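Student: Below: one structure in structure tokens.
Taken together, the values in this text are just the output of simple stated rules run on the coordinates, not laboratory data. Remember, predicted model here, so these are calculated numbers, not experimental data. Here Cβ is always computed from backbone atoms with ideal geometry, including for glycine, and neighbour counts include all displayed protein chains.
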Amino acid sequence: MMLNAENLVKTFPGVRALDGATLRLAAGSVHALLGENGAGKSTLIKILTGVHRPDGGRVALGDTELHMSGPLDAQRAGIGVVHQERNLIPGFSIAENILLHHLPRRFGLVDRTQMRAEARRCLGLLDLDLDPDAPVSRLSVAQAQLVEIAKALSVDSKVLLLDEPTASLTGGEADRLYGIVRKLRDNGHAVVLVSHKLEEVFAVADTVTVLRDGRSVAEAEPLAGYTQDQIVDLMVGRAYSSVHLAERHVDPATAPALRLDKVCTARGHRDISLSVRPGEILGLYGLVGAGRSELAKALLGLDRITSGTVEVRGRPVRIRDVGEALRGHRIGYVTENRKEEGLFLDQTIARNVGVTVWRRLAKAGLVADRAERRVVSRYVDRLGIRISSPSQLAGQLSGGNQQKVSLAKWLAAECEILIVDEPTVGIDVRTKAAFHELIAELAEAGLALLLISSDLPEIVTLADRIAVMNDFSLRGELVNDHDYARMSQAIIRLIHGAPSRPPTGDEEAA
Amino acid sequence: MSTGTTTAGRAGLGGRFKGVSARPEFTLAVLAAAGFVVLAVATDGNLLSRGTLDAFFRFLAVPIVIGLSQMVVLAIGQMNLSVGALTGLCAMVAAWLMLEGGLPAPLAILGALGVGLAAGLVNGLLVVLTRINGFIVTLATMTIIEGLRYGVNGPDTFQGYSQGLRDLGSTSLLGLPVVLVLALVVAAMVALFFGRAVVGRQLLATGGSPFAARLSGVSNDRSIVIAHGLSGLLAGVAAVITVAASGSVNSSIGDDLLLPSFAAPIIGGVALAGGVVSVVGTCLAAFLVRLVDVMQAQFDINPRWIDLIVGAVVLGAVLLGTVRQKLSKRSS
Amino acid sequence: MSTRTATPPETPAADPPGPRAPSRMPLWANPRLGLLILLLALVALFTALRPAFMDTTLTLVPLQSDISVYAVVGLSQLAVLSLGHMNMAVGRMAAMSAFAMGLAYDRLGVPLVAGLVIGLIVGTLLGALAGLIISRTGVNSFVVTLAMDFALVGLITILYTRFTDGVAFSGLPAGMDALRNDTFANYCTGDVCGPYIPLVVPIALVAVLAVGLLFRFGRLGREILMTGSNEKAAELSGIPTRTRVVQAHALSGLLAGLAGFLLAANNGAFSARIGDAFLLPSFLGPVLGGTLLAGGAVSVLGTVLGATLTQVIYKGLNLLQFQLDQLNLYIGLVLLGALSLDRVRHVVAERRGARA
Amino acid sequence: GCTRKSDDTTTAGASVRTPDQVKIALVPGGAHPYFQPWKDASTKAKSDLGVSDVTFNETSDWDQTKQNDVLKSLAAQGYNAFGVFGVSPENINATFDDLKKQGFPVSSLASCPAGDVDKADFCLSTDVQLAAYKAAQAAIEAMGGQGNLVHLTGNKVDSNTQRRIAGVQKAVDETGGKVKVLQTVTDVDKDLQTAQKAVADLLAAKGDQIQGIVNTAYNPAVAAADGVQRSKLPIKVVAIDDDKTILAGIRDGSVAATVLQNPVGQASVGSYALMKLAGGCTMSKPGVIIDSGSFVVTKDDIDTYDKDRQAKTDELKKSFDSQYLSCK
Ligand SMILES: Nc1ncnc2c1ncn2[C@@H]1O[C@H](COP(=O)(O)OP(=O)(O)OP(=O)(O)O)[C@@H](O)[C@H]1O
Ligand SMILES: Nc1ncnc2c1ncn2[C@@H]1O[C@H](COP(=O)(O)OP(=O)(O)OP(=O)(O)O)[C@@H](O)[C@H]1O
Ligand SMILES: [Mg+2]
Ligand SMILES: [Mg+2]
């Protein structure tokens, strides 16, 4: 065994994140580490890389026990990592970010030439053609992710830990990454892969450890012995069965709740026309960077609309800010980036959900806590958010529950038109299914939903119609027949078959 | 937004760390040059006379060094409110060592630098050990240092210490006062430190993103202690310059340094959030503020108007920066 | 159309234990309580060392007046700390308000309350101006208010030299004297007189209650806090964040103005020096009271306790008759000690698994 | 209804105290070299007068609020007679009022309240206008009776500064146009560095037009003496007070003259009168303003000036006995 972590225990204030987790890695293998949101995967990885110190258990590399007091110790021991969150220094160049933990130096000064050469070599491993001197603040999310991977590869590590490395990568980029993962495995390295995308996991991993509530329920078993369903059952902890989403029927004659006609924006959107009816889900598909979130934000008045018309319930409107969208037109927007834009992590759940309804609840400018709690608990129950009390801090919730909180706030505001942006990124299988059910229910209840997603199966499962966007313009619209194979082909063809795409050199769009 | 290669490779020292562009320094340089020319013309060339230039540059040294002293802590996203009082304390200690301690000037200088460094390190250690915001810690230590500064000699003035040191303070080298040359050398060293030294880069990493820095093996605690220590050391340098250039010191020294210490880096384009420094910008900003000073003497303006003007200039510079940023964003 | 989904949870109890409730916070972990204990300890210490500390007219009454002023000064800073901002111009906003009040009383001869209102409006406008610049340009509040402080310092001197002979207004309205000198003990119904509480105390109390109410229950206050907690998310939740920034700074200006008034009442003149010494205490009160500089959370009660603590320290050290150098030394040390104590409490509380 | 209790405390406390019951507090506005002689004078007064205590407390930090606090703390400590340099002359009367209400004798030392009213028992201070006038005269004499004069002084928003400016102007006016005030630089007494910078800039800008500099504040005086010497310009500097830096300047010629005030006299005579007042004497004219004297000192009388000052002090004490105080 190359790396052994046994009976790890880690407690955060109020949460026992790890409760006797064990991970055994063999050289020359790709090891999948799976589990629901909050199962403790990232915590385990952080312990293995010296970010957290375990409260109990031991970590050994080969025969020697490791006592790491910081990330540097892990690097010295030959453990490389790509964390779930992005961790680049914004003002620094790509090269410096890649080599920050062991800057080549001469007389205490940074040796720039060597740094650049070294960085180029690492980028080359990923076939990335980026200028090592460019500042990372210019990179797209996907590029930044790739740079982090290059950074992990810069140490010649025996063990490489990847925590959801493909969450913001396109299919092509992910494939390239997995190519390298296989190469590393063949060279005798051990790679740990954390991912919620089970298809990818099954395609690349050899062995698997499944965490549930901080305990390992499967320890270093060969993956070949399992089906995807069995793995999911393990993660969830009980038999897992299919249910059907009820068929929904939308009368095509219903007047659209939201209609865009030839909308152009200051951001560069060109002639976007689409419409959503009450009770309908319009899927808006595109690759990362296609401009969908930007379109949603322009609709809410956060970016300038330069021409075209936006109609809400048949009346042309001009929305200046989110408050107006919410109170004037009952439009809500569930953001794609819940940690930065969706939630107030250091505030209570009650405040997080209540923020949209205070205006309604306030008497003489004062909001009674009781009235707020009443509203909050209604939506907490309705969405099945698992919280210990409404005064728990939002930051203490697991990813899925956080996502539900950011949805709850818009339901509480009684929105009729809801834009949902990447609702299930980084969310485990079970929660994802629950979310899908929820979204379908909302549509059933008569909401008009615009579902932005880069997850093709998700779109095909949920949407009634699918609009495909690329490079800030609409490529076409399809009626969804829920046949995954056919729909996905049609969509991909729309994206790539489109003629006039100016060459921009964007890696992620390639 | 332009893609591909960026300006990081452009510009020499100083401009380099701005990362995004060297333009803020450029604007400042143009402003400084224009201001200087206008003032020279307006005073019928008096500004260019030997005496005036000498006074202009001699009293530019301390603002530069004190601005750098603040900048070093701003680099890690903190503030040091004790710089002014500390400069005063170091100056008093240096004078005390020479006059009461009977030490030769070089030893007294070392003493002052040592006191500055030690006080800075204490600041840093307090921040690290107590986890209290640096702003608050230095607020408290400022009070303590004020007490110590007064304790050295009460309200009385030290005068008549080492002739050599005072001569150094008033001689010129190639037309520039030695003290300014010293300040510029210090500035160049600070620029080198942040631009090329591994430790300096680590400080900036801590300022830019503490968590990411930690994951890359940078000890943020160490960065904090180093930054505060360096800030204290620079306050010590400012004190030495003061002792040399002014010929007399008392416990009021440093009282007027706190605001300028912020003004120079902030006008110079240093972000309070940390992770960005600009040595050139800081020096140019100090130059600009000094121009305003001189303007006051030349035209007999009520000093209170100067406060008003400096306040307006800082606001204006800041607004200009924002406008420029917006424009450059729009144009790309 | 079908998707896989979990069987509906049988019973909630069968669910694996979710995030456990954070264990109840032990009483001693409450930062306000710690502050209170420290305060009582200091009072006991000073009283033991100098019995004069309990002298009603010479110590306790002036102490209350001072606390009133500095509690309001602390609240003024707290109003923007809620956003994660700073107001470096508190003192100067107070001075400008005081100037307006003095001018109104001296030149227009307006009654007490009218002048107060005029001054408060000036303070509010100044704060709003700072807020406006900050929200429009996105420039750090520290920079904007620092520059504003500089500009106002100049302006105030110029105005005072222009409008007064010395640097203070001589005309004071009726009632100002009573505010300065009287306690409720001066007012009697029959034989029953009020307690030894200066008349300025209720004014400060109203401010404390109003600000407390605002941040605890007020929609406006809550939205300001949310803006401080995460501006982006606040904007995307329909909060007009720019307006909230302006309002928080306006509130800061208003409270600074009120503090200026209280100080003028205590000192007996509207002069240019009002507010000179506000900056340090304005931070000490809230920070000692547990308000973070990061924004999103405030403690009004803590601010009052923090202000009380600082004033008690000053008073006690004054009574101990330290000389100037020692005085500053000890004030700094006691403050550092008080701050570190809070930190120790925090760490211990965390170690015991409680969320402080 | 609610009635306001009449203020009967005003006179109640004005009890008669024997010297050994008197505790005098001398409270300057803040730390300043000028007040340092008070320290020794207070020790001396304690033994000379046989009072219980004379203390010196300079912790006011140039902040009226803090000074009020300091005064009240001292009162709580049992001090019952006060000699105060008010931080802000504009509202120091309110503070005096407070102290008087407690029945304490109060004297305004080294500075008088602004305006015409003095709520203290008496004000014993340098007549700043007269001192400035003398200083300007000395400067004019040193300049040879003609040329341009520059006046460096302190906080512009201070009534004493205004009086100093008037004093300088008066002396200049008397020359009938031969001497002009080229510039009055205010607000340069805050700290030494500001003063040094201001002097350097001033000399650089107009050094060759200036024949004399008169200082009516401490830091500029130190800075001007030093700056002129350094620039080697033929400018006559008149300084203020007899801090050892300035005396050294007079000896080496960089300072033409200095105008002394009488801090020792203020402290010792002030303490004496306070003791008398506490012992039951009253002022025959409450709120009277008494000049404690100012003296021009040049190189010639540098070794003897203290005698004059001592004589003035003795004279002051006598006039208190004969003229200002009325004792039963
Ligand atoms: N720094 C922290 N402070 C407090 N609680 C934490 C911290 N880090 C993680 N947790 C909690 O520990 C638990 C495990 O979190 P972890 O991030 O390891 O889950 P995960 O398996 O990586 O989930 P995901 O799939 O959503 O990434 C969660 O309940 C989380 O809220
Ligand atoms: N080539 C690029 N260089 C720099 N930034 C880019 C580039 N392409 C996109 N971005 C930025 O990346 C972010 C993602 O783009 P956007 O949100 O429009 O994509 P999207 O279609 O909503 O996709 P998703 O929501 O899946 O991320 C935006 O902030 C955009 O400005
Ligand atoms: Mg995770
Ligand atoms: Mg998006």
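Student: Just to be sure I understand the model, the point goes 7 Å from the Cα along the line to the Cβ. What's the resulting B:Asp221 to D:Asp303 distance in nm?
Tutor: Label at B:Asp221, label at D:Asp303, 6.6 nm between them.
Student: Can you tally the lysine pairs in region D:177-219 where the Cα-Cα distance is under 23 Å and the two residues are eight or more apart, or on different chains?
Tutor: Lysine pairs meeting the criterion: 4.
Student: Which order do peptides A:207-217, A:397-407 fall in by mean Cβ count within 10 Å, highest first?
Tutor: Ranking the peptides A:207-217, A:397-407 by packing returns A:397-407, A:207-217.
Student: Would you pull out the residues with amide H under 5 Å of A:Gly56's amide H, same chain only if 5 or more places away, H placed 1.01 Å from N?
Tutor: Answer set, sorted by chain and number: A:Val9.
Student: In whole angstrom, note down how far apart the Cα centers of region D:234-274 and region C:100-170 are.
Tutor: Taking the Cα centre of region C:100-170 as reference, the centre of region D:234-274 is 39 Å away.
Student: Taking the Kirkwood radius as the inverse of the mean 1/r across Cα pairs, report the Rg/Rh of chain D.
Tutor: 1.02
Student: Counting only other chains, what is the mean number of Cβ atoms within 10 angstrom of the Cβ of each residue in peptide C:258-270?
Tutor: 3
Student: Using bins 10 angstrom wide from zero, how does P(r) for the protein assembly as shown break down, in % of all Cα pairs?
Tutor: 1, 7, 14, 18, 18, 15, 11, 8, 5, 2, 1, 0
Student: Tell me, Kirkwood radius of region A:178-224 from alpha-carbon pair distances, in Å?
Tutor: Hydrodynamic radius (Kirkwood, Cα pairs) of region A:178-224 is 11.6 Å.
Student: What 222 nm value per residue comes from the helices of chain C, counting each DSSP H run with n ≥ 4 as -39,500 (n - 2.57) and dividing by all residues, nearest 500 deg cm²/dmol?
Tutor: So the calculated ellipticity at 222 nm is -21500 deg cm²/dmol.
Student: Another one. Looking at chain C, I'd like the Rg to Rh ratio, where Rg is from alpha-carbon atoms and Rh is Kirkwood's inverse mean 1/r.
Tutor: So for chain C, dividing Rg by the Kirkwood Rh gives 1.05.
Student: Scattering from the C-alpha atoms of region A:13-155 alone, worked out with Debye: what is log10 I(q)/I(0) at q = 0.09, 0.20 1/Å?
Tutor: The Debye formula, applied to the Cα set alone, gives -0.33, -1.25.
Student: Just to check I understand the Karplus step: with θ = phi - 60° and J = 6.51 cos²θ - 1.76 cosθ + 1.60, what whole-Hz values come out for region D:78-86, glycine and proline as x?
Tutor: Couplings: x, 6, 10, 8, 10, x, 10, 9, x Hz.
Student: Sorting check: for C:130-142, B:262-274, which peptide has the highest mean count of neighbouring beta carbons within 10 Å, and how do the rest follow?
Tutor: B:262-274, C:130-142
Student: Right, here's the next one. What's the lysine pair count for region A:156-298 at a Cα cut-off below 27 Å, pairs eight or more apart or interchain?
Tutor: Here the count comes out as 4.
Student: Now for a different question. Apply 1/(1 + (r/R0)^6) to the Cβ-Cβ distance of A:Glu416 and A:Arg304, taking R0 = 30 Å, and write down the FRET efficiency to the nearest 0.05.
Tutor: 0.75
Student: OK, next. Counting each DSSP H run of 4 or more residues in chain B as -39500 (n - 2.57), what helix-only mean residue ellipticity at 222 nm follows after dividing by all residues, to the nearest 500 deg cm²/dmol?
Tutor: The helix contribution divided over chain B gives -24000 deg cm²/dmol.
Student: Still on this structure: If you count the DSSP beta bridges with both ends in the protein assembly as shown, what percent of them are antiparallel, to the nearest 5?
Tutor: Antiparallel bridges: around 50 percent, rounded to the nearest 5.
Student: Tell me, what is a quarter of the convex hull surface for the C-alpha atoms of region D:90-192, in nm² with one decimal?
Tutor: Average of the hull's projected areas for region D:90-192 equals 7.6 nm².
Student: Quantify how strongly other chains surround peptide B:254-262 by giving the mean number of their Cβ atoms within 10 Å of each of its Cβ atoms.
Tutor: Mean number of neighbouring Cβ atoms from other chains: 3.
Student: On to the next question. At 10 °C and a viscosity of 1.306 mPa s, what translational diffusion coefficient does Stokes-Einstein give for region D:200-244, taking Rh as the Kirkwood radius over Cα pairs? Give it in µm²/s as a whole number.
Tutor: For the chosen part, D equals 150 µm²/s.
Student: Another one. Taking only the alpha-carbon atoms of region B:77-231, what semi-axes of the equivalent ellipsoid follow from 5 times the gyration tensor eigenvalues under a square root, in whole Å, largest first?
Tutor: In descending order, the three semi-axes are 32, 21, 11 Å.
Student: In addition: Please work out the FRET efficiency for the pair A:Ile180 and A:His249, using the Cβ-Cβ distance as r and a Förster radius of 51 Å; give the result to the nearest 0.05.
Tutor: 0.60
Student: Can you compute the helix-only [θ] at 222 nm over chain A? Use -39500 (n - 2.57) per DSSP H run of at least 4 residues, normalise by all residues, nearest 500 deg cm²/dmol.
Tutor: One gets -10000 deg cm²/dmol as the mean residue ellipticity at 222 nm.
Student: Per Stokes-Einstein, at 25 °C and 0.890 mPa s, what whole-number D in µm² s⁻¹ belongs to region D:1-152, with the Kirkwood radius over Cα pairs as the hydrodynamic radius?
Tutor: 142 µm²/s
Student: Moving on to the next point. Could you give each residue of region A:140-153 its phi-based ³J(HN,Hα) in whole Hz, using Karplus coefficients 6.51, -1.76, 1.60 with θ = phi - 60°, and x for Gly or Pro?
Tutor: Residue by residue, region A:140-153 yields 6, 4, 5, 4, 4, 4, 5, 5, 5, 5, 4, 5, 5, 6 Hz.
Student: Rounded, prolate or oblate, given the Cα gyration tensor of chain B, with a/c below 1.5 counting as rounded?
Tutor: oblate
Student: For region A:145-245, what does the relative contact order come out to in percent, with C-alpha contacts under 8 Å and a separation of six or more?
Tutor: 20 percent
Student: How large are Rg and Dmax for region A:383-464 when calculated on the C-alpha trace, in angstrom?
Tutor: When restricted to the Cα atoms of region A:383-464, Rg and Dmax are 12.7, 38 Å.
Student: Put one equal scatterer on each alpha carbon of region D:157-200, apply the Debye formula with no solvent term, and list log10 I(q)/I(0) at q = 0.15, 0.28 1/Å to two decimals.
Tutor: Taken in order of the listed q values, log10 I(q)/I(0) reads -0.49, -0.98.
Student: For region A:325-483, state the semi-axes of the equivalent ellipsoid (square roots of 5 times the eigenvalues of the alpha-carbon gyration tensor), sorted largest first and rounded to whole angstrom.
Tutor: The three semi-axes for region A:325-483 are 29, 17, 14 Å.
Student: Take the alpha carbon gyration tensor of region C:188-312, find the square roots of its eigenvalues, order them as a ≥ b ≥ c, and report rounded if a/c is under 1.5; if not, report prolate when a/b exceeds b/c, else oblate.
Tutor: Prolate, since a/c reaches 1.5 and a/b exceeds b/c.
Student: Let me ask something additional. Just to check, using Stokes-Einstein with a Kirkwood Rh over alpha carbon pairs, what's the diffusion coefficient of region A:55-131 at 4 °C and 1.567 mPa s in µm²/s?
Tutor: In µm²/s, the coefficient is 88.
Student: Taking a cut-off of 20 Å between Cα atoms, list the aspartates and glutamates near D:Lys236, but don't count ones fewer than 8 places away on the same chain.
Tutor: The reachable aspartates and glutamates, counting only those whose Cα sits under 20 Å from D:Lys236, are D:Glu141, D:Asp173, D:Glu174, D:Asp189, D:Asp201, D:Asp208, D:Asp226, D:Asp252, D:Asp300, D:Asp301.
Student: Another question about this same structure. Quantify how strongly other chains surround peptide A:355-361 by giving the mean number of their Cβ atoms within 10 Å of each of its Cβ atoms.
Tutor: Across the residues of A:355-361, the mean count of other-chain Cβ atoms within 10 Å is 4.
Student: Compute the relative contact order of chain B as a whole-number percentage, counting only Cα pairs closer than 8 Å that sit 6 or more residues apart in sequence.
Tutor: 32 percent
Student: Now for a separate question. Determine which lysines satisfy two conditions relative to D:Lys318: a Cα distance under 29 Å, and not lying fewer than 8 residues away in the same chain.
Tutor: Those lysines meeting the cut-off are D:Lys23, D:Lys39, D:Lys44, D:Lys46, D:Lys100, D:Lys101, D:Lys119, D:Lys134, D:Lys276, D:Lys285, D:Lys307, D:Lys328.
Student: For the peptides C:72-84, A:272-284, what is the packing order when you average, over each peptide's residues, the other Cβ atoms within 10 Å and list the highest mean first?
Tutor: Highest to lowest by the protection proxy: C:72-84, A:272-284.
Student: Related question: Under a 5 Å amide H to amide H cut-off, with H placed in plane at 1.01 Å, what residues pair with D:Leu260 once short-range neighbours are removed?
Tutor: Here D:Asp241, D:Phe295, D:Val296, D:Val297 satisfy the definition.
Student: May I ask you to give the average projected area over all directions of the convex hull of the Cα atoms of chain A, in nm² rounded to one decimal?
Tutor: With every direction weighted equally, the projected area is 25.6 nm².
Student: Please state the equivalent ellipsoid semi-axes for region C:127-239: what are the square roots of 5 times the Cα gyration tensor eigenvalues, largest first, in whole Å?
Tutor: 38, 28, 8
Student: Mind giving me the nanometre distance, one decimal, between the label points for A:Ser377 and A:Ala26, set 7 Å out from Cα along Cα→Cβ?
Tutor: Distance between the two pseudo-spin positions: 5.3 nm.
Student: From the phi angles alone, apply the Karplus equation (6.51, -1.76, 1.60; θ = phi - 60°) to region D:48-65 and give each ³J(HN,Hα) in whole Hz, x where the residue is Gly or Pro.
Tutor: Along region D:48-65, the couplings run 4, 8, x, 7, 5, 6, 10, 10, 10, 9, 10, 8, 5, 6, 6, 9, 4, 4 Hz.
Student: Given H placed on each backbone N at 1.01 Å, which residues far from D:Lys236 in sequence or on other chains put an amide H within less than 5 Å of it?
Tutor: Correct list: D:Gly212, D:Ile213.
Student: Enter the per residue convex hull volume of region A:86-243, computed from alpha-carbon coordinates, in Å³ rounded to the nearest integer.
Tutor: Spelled out: Cα convex hull of region A:86-243, divided by residues, is 146 Å³.
Student: Put a dot 7 Å past each Cα toward the Cβ at C:Ala48 and C:Asp191; how far apart are the dots in nm?
Tutor: The modelled label-to-label distance comes out at 3.9 nm.
Student: Largest first, please: the extent of the C-alpha atoms of region D:179-328 along each principal axis, to the nearest Å.
Tutor: 62, 31, 29
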